[in-house]
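Derivation of every value follows stated rules applied to the coordinates shown; laboratory data play no part. Computed from a predicted structure; not experimentally measured. Cβ coordinates were reconstructed from backbone atoms using ideal geometry, including for glycine residues, and neighbour counts include every protein chain displayed.
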């Protein structure tokens, strides 16, 4: 029985086989992990849909494979249900150990972009038969030199990849590296992880396909700083500035629904739900957890979810449902000390906002100099979907919401 790479989300069309957890000849039980796969949203283990013995493995580690492509063969007498064999549903997800996201949409995904990127030389990959077998020496050399066998065109019988093909690819890669490094002394090549490859691909896709524009607005957040200070000193749960800013953004999105939209060939899709993604830096890369229906939550509830999802991201415990269906993304570069920044739009969204560092600055009010807590907000937006006037109106609304914050905000 051919075992296909399962569906792991409607917008995901391919995945990277990061690690095989079983070998040819191994006996496996139903739901036992077969491989670790990496998508542009999450890293997860793929379970066996049946009991049986592995007879063939069609792709090497590191290969990028289209969804629903056969990736291995298991000898079994069982006939799995269609939804079990072809997709990982929510019930099955609970049986898996989730490792985290990469975030573009994400993926980490978000500011780095997160979408499906076309593979190199698609004509070759379309002609490649997924059941192609590789000799042990070919597999070994490819793994040692980090070569994607599915990207090669074999010179052997029926397009089979030979040892000679691998050696030529190794020599070619070495020459390219030497040519690009000839002006560098004591250089060191850092191998790309699957997550870093996805981040790079998604950044490139977003920058090529989305005609973006950028705007900045300065906000007086002195009342927000005072409110947070008072809240921390009494009975409220310790909060960061993020849930307050999220609440202001959600209210502004409701006034400007074009911000919560997506470009399609048929027109601009205005989305009903407001699902806020927020970027989290981790040791494995950038992750973008998503708070669903953020417009139905108050500041305290938003704060708890931010804390919980941030912890899950940094401990590699995000599930697929934690990182999907975002409609707008917040990138808190202010936590890194940045005062002005420009993020890359998450594919499938209309804009992304940077919240920058809060700093005390002199401000003229009624012809007098006052020291106020000021923050820059930076918006990158898809110019196909909106013009500067619409983007500026949204930013002005966010500014007004933040500048009129009072204690009712936490009710």
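Return an integer: the convex hull volume of the alpha-carbon atoms of segment 1-68, in Å³ per residue.
Working: hull volume 5.4 nm³, N = 68.
It is 79 Å³ per residue.
Here the label points at residue 193 and residue 273, each 7 Å from Cα along the C-beta direction, are separated by 2.8 nm in the simple model.
Of the beta bridges in segment 297-411, as assigned by DSSP with both residues counted there, near 80 percent are antiparallel. Put a dot 7 Å past the Cα of residue 145, heading toward its Cβ, do the same for residue 307, and the two dots end up 5.3 nm apart. In this label model, residue 383 and residue 204 are separated by 2.4 nm, measuring between points 7 Å along each Cα→Cβ vector. Report note on the peptides 192-202, 369-379: ranked by the mean count of other C-beta atoms within 10 Å, highest first, their order is 192-202, 369-379. Each part gets one Cα centre, and for segment 34-68 versus segment 338-398 those centres are 42 Å apart.
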